[in-house]
């Protein structure tokens, strides 16, 4: 009898030791999981994200931006060519332009073409913009990104103009005068043509310059990974490509979670150090980005109502 009791005590002791071992193991596992879990303050809290129609699957893409090699149908090819033609931007005659030869909004100006004592509502107003470089020399090519508008601050009225690039440093702007009163013309340089070429290069060479992030969560455990149209390297990725449009989208696969556990998506930030020292001169906020171009003469007109004679 005492032998059976002794065996029972030994068995209970072994079970207790085993339970302690399992408890300690689980404790360390949870501690490790906490280290990998992103705190709630760092989660991407875009809860109303619209998920892709595609199934989230694990795949590995070795080629960088391999979607560019996909075969297009004739209809898709025609659509692509039409879209590329619509966004085609004029290029400078030479591949590389010195900063002093780039567009300077401070030296550039605009004039109102054929000014009269007054205009009538519905008339067309034409403005000529003349671009010059930092040496004060007239530009001989186009491609600058301009914005032009007419506005009456007292009336809180405004309208944009239609800009025509003459490809010789001159731009024509056409406005339709929509209201009576004093109407002021404003023209600004958003980006010089030389900066546009840098942006085009970055679009082709560094499609990941703006990167995004998605959060994956299961229970209390979560991970955040980088997402983009192109993801370099051989790491496993989640394929969120839209099955209907074919628009590619990938996220690096979480280490411990499935692709289907994605809960949110948001912009991550911008890659730094992509510009050369010379290229950075084309992106100076107080010099050539979103700077006004002043008029060399009157910058406003008087508009009368249609009934005025």
Margin query: Within region 290-301, does at least one residue satisfy the condition of being surrounded by 12 or more Cβ atoms within 10 Å (Cβ to Cβ) and within 20 Å of the chain's Cα centre (by Cα)?
Written below: yes
Check: Which of the strands (runs of 3 or more DSSP E) contained wholly in region 165-236 include at least 2 residues that are closer than 20 Å to residue 282 by Cβ?
Finding: 181-191
Notebook entry, point to check: Restricting attention to region 250-274, which residues are touching a helix residue (DSSP H, G or I) at 6+ places or on another chain (Cβ under 9 Å) and over 20 Å from residue 205 (Cα atoms)?
Noted result: 253, 254, 255, 256
Check: Can residue 246 be described as in a loop (DSSP other than H, G, I, E, B) and within 22 Å of the chain's Cα centre (by Cα)?
Finding: yes
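Throughout, read-outs are computed from the coordinates displayed, never taken from laboratory work. What you see is a predicted model; the values in this text were computed from it and never measured. In this analysis, Cβ positions are derived from the backbone assuming ideal geometry, glycine residues included, and neighbour counts consider all displayed protein chains.
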